[in-house]
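Only one structure is covered here, and it is reproduced in the block below.
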Amino acid sequence: MKKQFVKILSLSALLVSTSLIFSSCDKDDDDGDDKTVNSAKRVYILNEGKMDSNNATLDVYYPDGKNAYQSKIFAAANGQGLGDTGQDLIAYGDRLYVSVSGSNYLAKLDQKGKIVEQYSFTETEGSPRYLAAKDGFIYVSTWGNKVMKFDTAAIVAPKGSVEVGLNPEGIAVKGNDLIVCNSTEYPVNDSTISVIDLTTFSLKKSIKAQIGNFQRVTVVGDSVYITYYTPTYSIEMVNLDVESGTVKASGSATKMASYDGKLYCANAATVYDADWNATINTNFFVRDVKTGKDSEILDLTSTPELKTAAIYLFEIDPDNGDFYVGAADYVTNGTIYRFDKTGKFITKFETSSVNPSHAVFIK
């Protein structure tokens with residue numbers, strides 16, 4: 001029961017890879033005459049889809065274009081769907097990078113959503129999870145207990161890998177270090193956080209904690225915040241001091257984002273009864289990482305449904321501080337709520353599939 005619940009809760013599994021194989025060279029890709037995606041400021045939204053349903057999608061929203069929304073741009077650009085379980089999406093340079101864990105591949109996309117290059121992971125390497133980028137390289141955590149390195153000039157073959165802990169999830173760059181959240185391989189929870197030296201691409205240290213099953217990591221200046229599952233499947237947060245290797249309890253948060261030197265959090269506090277029925281109480285807050293003081297954000301007067309919603313996406317536009325909040329019920333198409341930097345509600349819109357999980361901003 002618990003094993004199955006963990007899989008459903010994270011919407012993640014090691015699945016058989018599909019036979020998608022695409023590659024081409026950057027020099028052959030022409031971003032001119034773009035009839036699929038216009039050149040205005042864009043917010044790309046990855047919908048994770050439902051596990052085993054092969055219904056992950058990529059959409060684009062134009063915040064300055066009369067709320068225009070284009071659905072399933074990946075399918076339009078490539079003539080086929082994105083695949084099973086869209087895990088992570090980042091923008092780096094003028095490209096998008098997406099990991100699709102169920103379909104077992106990493107793709108570099110142009111801004112129309114068209115595949116430029118792709119890499120399919122072997123069974124030994126494990127399914128791809130989360131992404132980070134620095135100095136012309138993309139780093140991918142995999143459920144083969146690895147972090148793999150790819151040159152953005154050509155991702156068709158990895159440039160190396162580092163063994164870390166069990167089924168690593170979120171990763172983030174801090175200076176010359178890559179912080180890696182090791183999670184679980186049922187029934188064992190990994191209680192370590194791996195730190196990789198990006199200069200040598202080797203394991204620098206393994207930090208041991210009293211807790212385990214780490215999920216996501218966010219870097220805010222010199223501070224590092226990490227979330228983890230408790231034994232009752234609530235999600236708590238810790239503050240990691242990388243140099244000393246100490247981990248301190250730091251409250252509760254289910255989603256985190258960094259903006260303007262502060263930590264922003266969504267906390268969908270969830271309690272389960274004996275039959276796994278959930279009661280959710282959601283709030284949003286900002287933390288001054290220097291003082292540790294938390295303050296409420298987002299005026300939910302116009303969106304009271306968010307007070308009891310499962311929050312699957314929480315991102316901040318780095319240009320103007322607008323908040324994007326994605327609510328999911330694992331069954332119907334997701335809803336994105338947009339607030340301005342003061343927390344005032346602007347608009348909401350439906351996505352093209354279930355479980356909107358990531359948004360990236362390009363202008």
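The values are calculated or read from the model by the stated rules, or taken from the named source; none is laboratory data. What you are looking at is a predicted structure, and each value in this text was computed from that prediction instead of being measured. Here the Cβ is made from the backbone with ideal geometry for all residues, glycine too, and neighbour counts use every protein chain on show.
For this structure, a couple of remarks:
- G113 being touching a residue at least 24 places away in the same chain (Cβ under 8 Å) and surrounded by 19 or more Cβ atoms within 10 Å (Cβ to Cβ): yes
- The set of residues from the range 301-317 being surrounded by 13 or more Cβ atoms within 10 Å (Cβ to Cβ) and more than 15 Å from T335 (Cβ to Cβ) comprises I316, D317.
- Entry remark, the range 126-142: residues being under 12 Å from V164 (Cβ atoms), touching a residue at least 60 places away in the same chain (Cβ under 8 Å) and more than 12 Å from the chain's Cα centre (by Cα) number 1 in total.
- Strands (runs of 3 or more DSSP E) contained entirely in the range 157-249, each with at least 3 residues that are among the β-branched types (V, I, T) and closer than 18 Å to N267 by Cβ: 214-220
- Top-ranked residue of the range 267-294 - restricted to ones that are of a type in the set (D, E) and at pLDDT below 95, ranked as farthest from Y228 (Cα to Cα): D275
- Checked against (1) over 19 Å from the mean Cα position of the chain (by Cα); (2) surrounded by fewer than 17 Cβ atoms within 10 Å (Cβ to Cβ); (3) in contact (Cβ under 8 Å) with a residue 12 or more places away in the chain, L298 passes all but a single condition, namely (2).
- Residue check for G212: under 27 Å from A328 (Cα atoms), surrounded by fewer than 19 Cβ atoms within 10 Å (Cβ to Cβ) and modelled with pLDDT of 95 or more: no
- From the list D110, D88, the one residue that fits, being modelled with pLDDT of 95 or more and touching a His at 6+ places or on another chain (Cβ under 7 Å), is D88.
- Of all residues making up the range 96-128, the number that are more than 16 Å from L82 (Cβ to Cβ) and part of a strand (DSSP E or B): 0
- Any chance G65 is at pLDDT below 95 and either out of contact with any His (no Cβ under 7 Å at 6 or more places or on another chain) or among the small types (G, A, S) (or both): yes
- All positions within the range 268-316 that are part of a loop (DSSP other than H, G, I, E, B), over 24 Å from T218 (Cβ atoms) and not β-branched (V, I, T): D273, A274, D275, W276, N277, S302
- Of residues in the range 80-95 being of a type in the set (S, T, N, Q) and either part of a loop (DSSP other than H, G, I, E, B) or surrounded by fewer than 24 Cβ atoms within 10 Å (Cβ to Cβ) (or both), the one nearest to the chain's Cα centre (by Cα): T85
- Search result, residues across the range 61-79 that are under 14 Å from R338 (Cβ atoms) and surrounded by 20 or more Cβ atoms within 10 Å (Cβ to Cβ): Y61, P63
- One residue stands out among those in the range 135-172 that are among the hydrophobic types (A, V, I, L, M, F, W, C) and surrounded by fewer than 17 Cβ atoms within 10 Å (Cβ to Cβ): the one that is nearest to S206 (Cα to Cα), which is A157.
- Index of the failed condition, T254 passing every other in (1) among the hydroxyl-bearing types (S, T, Y); (2) within 19 Å of the chain's Cα centre (by Cα); (3) surrounded by fewer than 20 Cβ atoms within 10 Å (Cβ to Cβ): (3)
- Number of the exception - I179 against (1) over 17 Å from M256 (Cβ atoms); (2) under 17 Å from the mean Cα position of the chain (by Cα): (1)
- Criterion applied to L9, L14, L20 was being of a type in the set (A, V, I, L, M, F, W, C), closer than 30 Å to I235 by Cα, assigned to a loop (DSSP other than H, G, I, E, B) and at pLDDT below 90, and the one residue passing it is L14.
- The number of residues in the range 221-250 that are of a type in the set (G, A, S), over 17 Å from I280 (Cβ atoms) and surrounded by 13 or more Cβ atoms within 10 Å (Cβ to Cβ) comes to 3.
- Restricting the range 257-278 to residues that are more than 19 Å from the chain's Cα centre (by Cα) and polar (S, T, N, Q), the residue that is surrounded by the fewest Cβ atoms within 10 Å (Cβ to Cβ): N277
- Checking the range 337-346 against the condition returns a match, with at least one residue being over 21 Å from the mean Cα position of the chain (by Cα) and exposed (fewer than 12 other Cβ atoms within 10 Å of the Cβ).
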